[in-house]
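The next block holds one structure in the form of structure tokens; read it before the comments.
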Amino acid sequence: MTKAKNPIQYLDPSTLRIVDEPYKDGRASPVSKYEPIFSALKPGQRIVCPAGSAARLSAQLRNWLEKKGHKNVVVRARERCDDGLGGAWWIQEAAKPKTVWRGLEKKAA
């Protein structure tokens, strides 16, 4: 013997209404623990970090920059620099390619 499914609950149109309320995302965006240092960073500057932690830090930086609205960010990391410490750099935002393909037209014979 099978159980009866719950009956479908119908939505009464007379209970609906429209209000002027903009959408707010229900998910809270957590503040990064690196927020103070990332917000002070400018393109071309290095964040000095312990050796071996640069890749992880650069991934956090890339994600943070993208969440802040930067498009096509270029972030680089080195695990050991000349001073023996690691580093993460926000290089710049990648520029659109400027290549124009020429010579693809068929030449008249």
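The values are calculated or read from the model by the stated rules, or taken from the named source; none is laboratory data. It should be emphasised that the depicted structure is a prediction, and the values quoted were computed from it without experimental measurement. Counting neighbours? That spans all protein chains shown, and the Cβs are built from the backbone with ideal geometry, glycine included. Side chains are part of the model used for accessible areas, which takes the heavy atoms of the whole protein and leaves out ligands, DNA and RNA. Shrake-Rupley method; radii C 1.70, N 1.55, O 1.52, S 1.80 Å.
General remarks:
- The stretch 41-95: relative contact order as a whole-number percent, Cα under 8 Å and 6+ apart: 48
- Between Gln60 and Ile91, the FRET efficiency from the beta-carbon distance, with R0 = 25 Å, is close to 0.95.
- Heavy-atom accessible surface of the stretch 41-95: percent carbon and sulfur, 1.4 Å: 48
- Relative contact order, percent, the stretch 5-81 [alpha-carbon distance under 8 Å, six or more residues apart]: 26
- Computed magnitude of the charge dipole of the stretch 41-95 (debye, nearest 20; Cβ of K, R +1, Cβ of D, E -1): 180
- Computed over protein heavy atoms with a 1.4 Å probe, the accessible surface of the stretch 41-95 works out to 63 Å² per residue.
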